Structure formats: structure tokens, C-alpha cells
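These notes concern the structure reproduced below.
The values are calculated or read from the model by the stated rules, or taken from the named source; none is laboratory data. Everything numeric in this text was worked out from a predicted model, so none of it was measured. Neighbour counts are summed over all protein chains in view; Cβ atoms, including those assigned to glycine, are modelled from backbone coordinates with ideal geometry.
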Amino acid sequence: MTELPRELISEEEIREKVDELARRISEDYAGRGEVVLVGILKGAFVLLSDLARRLTIPRRIEFMALSSYRGASPGTGAVRLLMDLRGEIAGRHVLVVEDIVDTGRTLRYLRDTLGARRPASLETCALVRKRTSRADDARVRYLGFEIPDRWVVGYGLDYAERYRTLPYIGVIDPDEEDDRGDDGEARGREP
Ligand code: PRP
């Protein structure tokens, strides 16, 4: 019988961490006007939803869709912009919300692209960052957890579009997932 991904970070740990991040962000931005939260699709949709509803400061929701080829080695592939922001960010406080920082390539792209639009400030919040991330590209002001270099899924993160709605963060073995195929039993059991 196929099993669900092994748990790395529990639902409860995630809830407590998102509470803590929301508190810190609310304190840091208090009195500075509206913050533009930029969720990076698809993976960040769960964190953005939970985080945005816990903040106590004025906020606006925006999305960008990027494709970064998660799992590719650093230096290979390019980040592609699939969908841009709808609103202007010049003179505004911008907080990028990401599910995972892996090589740091996506964050570097965002710092360049959004930074060029002259926001009042530009910071990042990410739920997890791989310990192997390259330090300079992977700077994250509001970080949930440092994790080992494994393929993680759940809480927005996928493997071939599977597991995004898993409520915890789990670890999978991509080779086993490929053996199982698209119609594998795990898909049917996903919460
Ligand atoms: C994931 C994640 C980040 C990026 C991080 O997106 O959501 O945006 O990879 O990787 P990096 O630090 O190596 O750049 P992915 O391209 O898997 O798209 P998705 O969110 O639509 O699944």
C-alpha cells in the first residue's frame, strides 16, 4: 500500500511558526502604511493565505507567477515570468511571500525585477529554506524553518502537482514517486 509522505514539519509546528512570523511582521511594519504582500505562485498560495489573515497591519494582496525549475542545480535554467503584478509598487513597502527557497535563484530574480521598480522597501518571508542555499541569494528576513536538502511537499509545495494541499510538510523520494506514476494510490489518498 502506498504511504503518505513522511512528516518533516507538523501542521501544529507550521501554525505556531506562521503565528510568530505574522507577529514579527505586524510589529516591524506597524505605522508604516500599507504593505504589499506578493505571493509567488503557485507554491506560496497556502502561506500567503494563512499569513495575510493573521497580520494586524494594512495589507494588499498581489501575485506573481514564476517558473524556476525547482530541483535544477544552481546556475542552470532561468527564471521565467509567467504572470506579473497588477498594481504599481513604486514607493510602497513590498513583502515577497515564498513557500521555499532552494537555490535562491528565484529570490535573486525578484530582488532585481521588483527592486528596479523602486519600492520603499523590499523584504522576503519564506516558510522553509534549504540549508544548502547559497547565502547571498537566499537572504530571507522572515524565515520559518531551515531544512535538509530533500524533496519536500505539502503546504503549497508539490511534486509534479501532487501534494500541494497536504496540511504538513513531508519528504518524498522522487524516484519512488516516478515509479508510482500519475495515477498512483498516493494521489487518491491526498487530503
Ligand atoms: C518553487 C518555489 C520557489 C522556487 C524556489 O517554485 O515556489 O518559487 O521554486 O526555488 P529556487 O530558490 O531554486 O529558485 P516552482 O518553480 O517549483 O513553481 P511552483 O511554485 O509553481 O510549484
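At a glance:
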| item | result |
| --- | --- |
| Boolean, Leu114 is assigned to a strand (DSSP E or B) and farther than 22 Å from Glu13 by Cβ | no |
| Exclusive hit being buried (at least 20 other Cβ atoms within 10 Å of the Cβ) and among the hydrophobic types (A, V, I, L, M, F, W, C), set Ile61, Ile25, Ile57, Ile89 | Ile25 |
| Scope region 44-68; condition part of a loop (DSSP other than H, G, I, E, B) and at pLDDT 95 or above; matching residues | Ala44, Leu55, Thr56, Ile57, Pro58 |
| Candidates Val96, Val101 - the one that is modelled with pLDDT of 95 or more and either touching an Asp or Glu at 6+ places or on another chain (Cβ under 9 Å) or among the β-branched types (Val, Ile, Thr) (or both) | Val96 |
| Enumeration of residues in region 94-110 that are out of contact with any Ser or Thr (no Cβ under 8 Å at 6 or more places or on another chain) and either within 6 Å of the ligand (Cβ to nearest atom) or assigned to a loop (DSSP other than H, G, I, E, B) (or both) | Asp99, Ile100 |
| Residue among Leu143, Leu82, Leu157 that is surrounded by 20 or more Cβ atoms within 10 Å (Cβ to Cβ) and either at pLDDT below 95 or over 18 Å from Val36 (Cβ atoms) (or both) | Leu157 |
| Any hit, region 179-188, residues being away from the ligand (no atom under 12 Å from the Cβ), of a type in the set (Gly, Ala, Ser) and modelled with pLDDT of 95 or more | no |
| Test: residue in region 56-73 that is more than 16 Å from the chain's Cα centre (by Cα), touching a residue at least 24 places away in the same chain (Cβ under 8 Å) and under 23 Å from Tyr163 (Cβ atoms) | yes |
| Some residue of region 122-139 being charged (D, E, K, R), modelled with pLDDT under 95, farther than 21 Å from Lys17 by Cβ and touching a helix residue (DSSP H, G or I) at 6+ places or on another chain (Cβ under 6 Å) | yes |
